[in-house]
């Protein structure tokens with residue numbers, strides 16, 4: 001059963017196959033575990049979805065949608081296309097590969113781009129949201145490729161992926177392959193370095209990807225917090241122990 005066909009990130013397709021077809025050498029789908037101000041840049045974010053009612057996505061003061069934008073805003077479960085605006089200019093859900101592989105949408109989740117997890121809303125608001133004062137999920141490799149393929153067709157300037165597969169040879173890494181196609185078209189691609197240390201230090205390390213993440217060192221800076229009842233807590237801190245604070 002054909003699930004997706006790709007024409008921009010690569011020339012190929014993903015399909016649900018019989019066991020005999022798989023044993024003949026077809027590659028199985030992989031699973032990902034779902035990281036100054038410039039105006040008029042179209043950013044394609046690939047994550048758990050978005051909560052469009054957040055004030056971070058208000059289009060107050062936004063300029064008109066760039067004419068090069070070719071995308072659309074999809075209707076779906078608890079998500080109306082009318083929720084898009086001059087800030088959130090498009091939204092699409094890609095889960096056919098996940099469903100074809102036997103995955104099920106949890107009863108609390110949404111069969112749409114609405115974000116139940118919250119991760120996608122946070123990363124998208126960091127990348128492109130407005131300042132607001134006072135204020136785990138899985139997917140299939142085929143779905144990520146479909147989203148990136150569509151983003152190229154839609155005309156994005158930036159791809160930001162807060163997901164990763166782990167260490168894999170570039171020729172066997174769907175994100176690396178798709179990102180190279182995007183970069184060749186002048187699209188800036190940035191990916192999360194991952195949240196894991198061993199057995200590898202980073203993910204998404206292809207040289208054409210800007211890989212972003214925090215790091216650590218082989219030592220700790222310890223500080224102590226003494227409570228009013230005399231109980232002391234010790235933990236990592238850059239606050240020197242020698243500093244005394246008094247009322």
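I'm trying to understand the selection: among the residues of the stretch 26-50, which are at pLDDT 85 or above, surrounded by fewer than 20 Cβ atoms within 10 Å (Cβ to Cβ) and over 20 Å from residue 193 (Cα atoms)? 41 - this is the single residue of the stretch 26-50 that is at pLDDT 85 or above, surrounded by fewer than 20 Cβ atoms within 10 Å (Cβ to Cβ) and over 20 Å from residue 193 (Cα atoms). Do we find that residue 235 is at pLDDT 85 or above, exposed (fewer than 15 other Cβ atoms within 10 Å of the Cβ) and more than 30 Å from residue 12 (Cβ to Cβ) in this structure? Considered against the rule, which asks whether it is at pLDDT 85 or above, exposed (fewer than 15 other Cβ atoms within 10 Å of the Cβ) and more than 30 Å from residue 12 (Cβ to Cβ), residue 235 comes out as no.
Taking the criterion of being in contact with a helix residue (DSSP H, G or I) (Cβ under 7 Å, 6 or more places away or on another chain) and surrounded by fewer than 17 Cβ atoms within 10 Å (Cβ to Cβ), the residues of the stretch 51-87 that qualify are 69, 70, 74, 75.
For the stretch 180-188, the count of residues that are surrounded by 13 or more Cβ atoms within 10 Å (Cβ to Cβ), at pLDDT below 90 and not in a loop (DSSP other than H, G, I, E, B) is zero.
The values are calculated or read from the model by the stated rules, or taken from the named source; none is laboratory data. Bear in mind the structure is a predicted one, so any value in this text is a computation, not a measurement. Don't worry about glycine lacking a Cβ; one is built from the backbone with ideal geometry, like all the others, and counts go over all protein chains shown.
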